[in-house]
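Participant: Here's a structure for you.
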Amino acid sequence: MNSLFPPAEARHAVELLASRSLIRLVTEIDDNGAIPPRRLAGTLPDLSTHQLRSASDTARVHGLVRVAPGAGLELTDAGTGLADLYDGVARWARRHAVPAPVCEFSSRIRHVLDLLAPSLTTGSADGPSPLSAAPLTSARAETDLAHPRTLLIQWLAGNPQVARVSEPEPVA
């Protein structure tokens, strides 16, 4: 897969997608359906009000969720694709006990996205594989990581709004 991104876009996308609160929001809706109005805090009690607001605002701005009248907060097609990406990444991490044999779902996803981040940039096309420097448990793990990388690149290519780094608003 040759769709690589400028370093700033790759970094922005990975930081956004690796957000624990975004991971929790997307996977909760994917697993249990739409979150009814005014039930976000009760559904995700481990997240602060600020984290909930930030995750839902970020997800809306990037087209991952929408408010469906009568149903509440639900995933868009992009959000459903992201949930599938999270599941694929977490399966790889569990199979290879990364970052540890027992850890939180969002920690697994963040760790794998951090491993993949250097291989997403346009500058990585000519040099040695950034994955070869990663402390993986085996050569098989590195080879297997190609699948989550492909899933990530495909998802980002189909959802360029997530990688786009916005310019700061000018101060008047």
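The values are calculated or read from the model by the stated rules, or taken from the named source; none is laboratory data. All figures in this text were calculated on a predicted structure; none of them were measured in a lab. FYI the Cβ positions are ideal-geometry reconstructions off the backbone, even for glycines, and counts take in every protein chain you see.
Participant: Could you pull out the residue among G70, G42 that is modelled with pLDDT of 95 or more and among the small types (G, A, S)?
Facilitator: G42
Participant: Can I ask one more? Restricting to the stretch 24-53, count the residues that are touching a residue at least 24 places away in the same chain (Cβ under 8 Å) and within 15 Å of the chain's Cα centre (by Cα).
Facilitator: Residues meeting the conditions: 6.
Participant: Could I ask something else about it? Considering only the stretch 117-136, I want to know if a residue exists there that is at pLDDT 90 or above and closer than 23 Å to R38 by Cα.
Facilitator: Looking for residues that are at pLDDT 90 or above and closer than 23 Å to R38 by Cα, one finds none in the stretch 117-136, hence no.
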